[in-house]
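Input: a single structure, listed below in C-alpha cells.
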Amino acid sequence: MALENIQYDAIMREYDRRQSQNRRRLEEHREHAYRQVPQLKEIQDAIASSSAQRIRSRLKGDCSESSSAYEKKLQILSKERNRLLHENGFPPDYLDMPCECPLCRDTGYISRNKKCACFQKMAADILYQQSGLKEILEKENFELFSFSFYSDRIRDDNTGKTPLEHAQFAVEKSQEFIRQFGNAAHNLFIYGDTGVGKTFLSHCIACEILKKAYSVLYFPSYDLFDLLAKKTFSKESSSEGALEYILNCDLLILDDLGTELTNSFVSSQLFLIVNERMLRERSTIISTNKDLETFSEIYSTRTFSRIIQNYVFINLIGKDIRRDIRTRKIIQEDKRL
Ligand SMILES: [Zn+2]
C-alpha cells in the first residue's frame, strides 16, 4: 500500500485524537463512579499501588513470595471492585480505559511492525476520497455490472465472437487483475467503440482495488494532459507533486484516451507515463475508443510496442449501452402512461 507521509500523519493524528478522547471518557467514568460509590476510589487506588509494587518486585528479579502475594492481593481487590460495580449498576469495564478498537487499543498497531485492520480501513477511506471517484463508484461497481446489455445473437466479423462472449472475457480478465493486484504489476488495455462499457468496467476495477487499500488515481485523458500541460508550461505550483503521484500511485486509470487534443506533447507524455510506471512496477489501465491501428499512429509505435508487450488486451463490442439505457427508460415510461 502506497501511503504518502502526509496521509500516514493524518491517520496517526486520528489515533492521537481517539486516545485523548478515551482518556477524557475514563476521567468522566471515574468521577461519576467515585461520587456514587466512594469505596471504589479506595479500591482503585489500592489496585494501582499494588500493580506498581508488583512491577517493581518483578524488575528486581524477585519472583518469590512477595511477588505472588501482590498477585493474590490484586485478585482480591479486582473481585471486590467488580462486585461493587455490579451492585451499583455499572458495566464491568466501566473503570477500564475505553477504546474504539479492542485489537490495537486505538494505537493502529497490533505489534511493532504489524498494522491493525482498523488502520488499513482508515487508509482505504483516505485513498478512496482522494481517487476522484467517490460519487461515481457508488453507482458503478461489479454488483451493478449487467451482462444483459451484451447481445449473444450477433457475431463480430473479426473475432467470430458475440458481444456477450467479449464481455464475459473482459470480466474474467478484470477479476484476475484484481486477484493478482499487489503481487506483481499487471496492466489492462480496454478498447472498443463509444458506449460499450469501458469506463464502467474500469470503475468496477477501481472500486475493488480501493477496497484493498491501494491508491488509485482516475483521470479522463483530457484532464490528465491538461494538468500536465499546466505543470510544464505555466509551472503552476498546485500541480507540483502531481506528476510524482501519477507516476507512483498503485493504479493509474487513464480513461478515454483519444478524446483529448493529440499533439507531440501528449504523445511524449503518454510514453513517459507508460514507460516510467512499467519501470516502477506500477499497474495501469488504459481505455480508448480508437482501434489499435489508429492508436499506434496517434501515440507513436514506441508507446504502442510497450503496451503490446506488457498489457492484457480487452476488447468490448456491441451497441451503445448509454443509448440503450435511455431507450429502455423511454419504453418503461411509455408503458406507464
Ligand atoms: Zn485497531
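The values are calculated or read from the model by the stated rules, or taken from the named source; none is laboratory data. Small disclaimer: the values here were computed from a predicted structure and weren't measured. With ideal geometry, Cβ positions are generated from the backbone for all residues, glycine too; neighbour counts draw on all protein chains shown.
Just to check your reading of the model, which residue among Phe145, Phe177, Phe169 is surrounded by fewer than 19 Cβ atoms within 10 Å (Cβ to Cβ) and at pLDDT 85 or above? Break it down into steps so the answer makes sense when it comes.
Working: Phe145 fails: at pLDDT 85 or above; Phe177 fails: surrounded by fewer than 19 Cβ atoms within 10 Å (Cβ to Cβ).
Just one listed residue meets the conditions, Phe169.
Where the second residue is of a type in the set (Phe, Trp, Tyr) and in a helix (DSSP H, G or I) and the first is more than 11 Å from Asn88 (Cβ to Cβ) and lies in the stretch 20-42, which pairs have Cβ atoms under 8 Å and are six or more apart or on separate chains?
Pairs that qualify, where the first residue is more than 11 Å from Asn88 (Cβ to Cβ) and the partner is of a type in the set (Phe, Trp, Tyr) and in a helix (DSSP H, G or I), are Lys41/Tyr34.
Name the helices (runs of 4 or more DSSP H) wholly inside the stretch 56-174 in which the number of residues that are more than 22 Å from Tyr218 (Cβ to Cβ) and among the basic types (Lys, Arg) is 1 or more. Before the answer, list the steps.
On the way: elements: 65-87, 117-130, 134-139.
Result: 65-87.
One residue is enough: does the stretch 27-46 have a residue meeting the conditions within 16 Å of the ligand (Cβ to nearest atom), surrounded by 12 or more Cβ atoms within 10 Å (Cβ to Cβ) and in a helix (DSSP H, G or I)?
The first filter runs over the stretch 27-46 and keeps only residues within 16 Å of the ligand (Cβ to nearest atom), leaving none.
No.
Among (1) within 16 Å of the ligand (Cβ to nearest atom); (2) under 20 Å from the mean Cα position of the chain (by Cα), where does Glu140 come up short?
Of (1) within 16 Å of the ligand (Cβ to nearest atom); (2) under 20 Å from the mean Cα position of the chain (by Cα), only one is false for Glu140: (1).
Taking the residues in the stretch 274-296 that are in a helix (DSSP H, G or I) and not hydrophobic (A, V, I, L, M, F, W, C) as candidates, determine which candidate is surrounded by the fewest Cβ atoms within 10 Å (Cβ to Cβ). Please lay out each step first, then the result.
If we filter the stretch 274-296 for residues that are in a helix (DSSP H, G or I), which is where we start, we get 274-279, 292-296.
The next check asks that each one be not hydrophobic (A, V, I, L, M, F, W, C); those that pass are 275-277, 293-294, 296.
Details: Asn275: 15, Glu276: 14, Arg277: 21, Glu293: 9, Thr294: 12, Ser296: 17.
In this case the residue turns out to be Glu293.
Determine which member of the set Tyr109, Tyr94, Tyr15, Tyr70 is more than 16 Å from the ligand (Cβ to nearest atom), at pLDDT 90 or above and among the hydroxyl-bearing types (Ser, Thr, Tyr). Lay out the reasoning, then the answer.
On the way: Tyr109 fails: more than 16 Å from the ligand (Cβ to nearest atom); Tyr15 fails: more than 16 Å from the ligand (Cβ to nearest atom); Tyr70 fails: at pLDDT 90 or above.
Tyr94 is the lone residue from the list that is more than 16 Å from the ligand (Cβ to nearest atom), at pLDDT 90 or above and among the hydroxyl-bearing types (Ser, Thr, Tyr).
Here is a yes/no grid of residues against (1) touching a residue at least 60 places away in the same chain (Cβ under 8 Å); (2) β-branched (Val, Ile, Thr); (3) out of contact with any helix residue (DSSP H, G or I) (no Cβ under 8 Å at 6 or more places or on another chain); (4) closer than 26 Å to Arg35 by Cβ:
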| residue | (1), (2), (3), (4) |
| --- | --- |
| Ala69 | no, no, yes, no |
| Ser78 | no, no, no, yes |
| Arg83 | no, no, yes, yes |
| Glu87 | no, no, yes, yes |
| Asp93 | no, no, yes, yes |
| Cys99 | yes, no, no, yes |
| Arg105 | no, no, yes, no |
| Arg112 | no, no, yes, no |
| Ala117 | no, no, yes, no |
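Is it the case that the stretch 148-166 has a residue that's within 15 Å of the ligand (Cβ to nearest atom) and either without any contact (Cβ under 8 Å) to a residue 60 or more places away in the chain or within 29 Å of Thr194 (Cβ to Cβ) (or both)? Quick ask: steps written out before the conclusion?
Initially, the stretch 148-166 is screened for residues within 15 Å of the ligand (Cβ to nearest atom), giving none.
No: zero hits.
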